[in-house]
1. Please list, by residue number, every one of the GluC sites (Glu not before Pro) in the stretch 277-319 that is coil in DSSP and has at most 11 other beta-carbon atoms within 10 Å.
2. Compute the distance from the alpha-carbon center of the stretch 257-324 to that of the stretch 189-218, in whole Å.
3. Can you list the trypsin sites (Lys or Arg not before Pro) in the stretch 253-306 that are in a DSSP coil and have 13 or fewer other beta carbons within 10 angstrom?
4. Relative contact order for the stretch 177-246 using alpha-carbon pairs under 8 Å, separation at least 6, rounded to a whole percent?
5. Residues with amide H under 5 Å of Gly155's amide H, sequence separation 5 or more or different chain, H placed in the peptide plane at 1.01 Å from N; which?
6. Take the residue pairs Lys110/Lys250; Lys67/Lys248; Lys67/Lys110; Lys67/Lys192 and return only those whose Cα atoms are more than 21 Å apart.
7. Only Lys, Arg, Asp and Glu count, each charged at its Cβ (+1, +1, -1, -1), so figure out the dipole size of the stretch 103-219 about its Cα centre, rounded to 20 debye.
8. Say R0 is 45 Å: what FRET efficiency, to the nearest 0.05, do Ala303 and Arg51 get from their beta-carbon distance?
Amino acid sequence: VVYLAGRIGGVQKVGDTVPCSQICVVNWADPRILEAYEGAMNYCKSPDIMRIRTRVQHIITGRLIAKGFVHPPVSLPGPCTEPFNHEIKEPDMMYYGQKVTLSQSMIFNKMFVCGLSNVQNVLWVSPNIRKDSAQNSGRYETEFTQIDFESAHLGFESCMELIEEILESVVNTLVDEEGHAIERISGRKLEKLQRPLKRYDLAEEAAKLGCSHAEAEDILLRQNETQPFFLTNLIRQTYDRRDDSTGKYKNYHVLFPVVGEILSGAERECTAERLMMRMTELGYRLEYFEPILRVARVYGLSASAGAGFGVERLVRAICLLPSF
């Protein structure tokens, strides 16, 4: 009920904190509530989509586990969460007398596991909550599942090679196993993935086209109608490593036709000084991220690289659906 009310907005006043201590009354006569409810139920009742979603998650986690990745318990609350490059509202709540933020990403968790323990390869199948601002409504999922992975043995190139390998397994397996179901769902035929994926330096493409980064991304999506591709060198998160010798960011997105971005990742910054410098450049509140900076300052972190698959977006991409 709370989820449905949050998805449609405007039914009740929602503050900047999640009211976990009370259940809000929902007006079931409201047509927007009924529309959201029916949409959710139609999705849950679709055996094809649910079966494909299960297979997607199984293939990704299976490939990672086979390569030695381990899955620690999921931690939902923490002192702070991921800094985003678009406006969001932090989902804060009181938890045993302490103000915490619900997880919007496992990024700091996985950086800390790889940097502060003997575990070198980590993955999480993690639920995420994201309270986007009004102007981003509809672009980002408000609740979604992310398969996050990180490794102290990966760098920029080797992580992209692993991502290609996993996506090839996911797409080509589902073409073979669920091709007819996918064509029935979308009216279109899913093509097998061809490696290597094309790579585009976003800053270079924008300069070449004489447009903004966002416009260049849209143009590249239109030009790649059947195959996914990498975007690299994005001005993005504070923990994405920047190569000061070239000025380029060692990060990447994977974009699929119809849907767009289904994965983001990077080689990481791993010192408190570098993290603080990047946060300052992007205008983040250093006091909010002090718990993260303090750990990095006192204990130090190891170099690592990783990424996160958006499960719902990837299923939409596999099923060739702009939305569920």
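The values are calculated or read from the model by the stated rules, or taken from the named source; none is laboratory data. All values reported here derive from a predicted model rather than from experimental measurement. All Cβ positions, glycine included, derive from the backbone under ideal geometry; neighbour counts span all protein chains shown. Keep in mind that these areas ignore ligands, DNA and RNA; they rest on the heavy atoms of the full protein, side chains included. Shrake-Rupley method; radii C 1.70, N 1.55, O 1.52, S 1.80 Å.
1. Details: sites: Glu281, Glu287, Glu312; in loops: Glu287.
Sparse-neighbourhood loop GluC sites (Glu not before Pro): Glu287.
2. Here the two parts' Cα centres lie 20 Å apart.
3. Values: sites: Arg268, Arg274, Arg278, Arg285, Arg294, Arg297; in loops: Arg285.
In loop regions of the stretch 253-306 (DSSP not H, G, I, E or B), the sparsely surrounded trypsin sites (Lys or Arg not before Pro) are Arg285.
4. Working: 46 pairs, mean separation 23.3, N = 70.
Here the relative contact order equals 33 percent.
5. none
6. Details: Lys110/Lys250 18 Å; Lys67/Lys248 29 Å; Lys67/Lys110 17 Å; Lys67/Lys192 23 Å.
Result: Lys67/Lys248; Lys67/Lys192 exceed 21 Å.
7. Details: 12 positive and 21 negative charges, 46 e Å.
For the stretch 103-219, the charge dipole is close to 220 debye.
8. Working: r = 39 Å, r/R0 = 0.87.
FRET efficiency, Ala303 to Arg51: 0.70.
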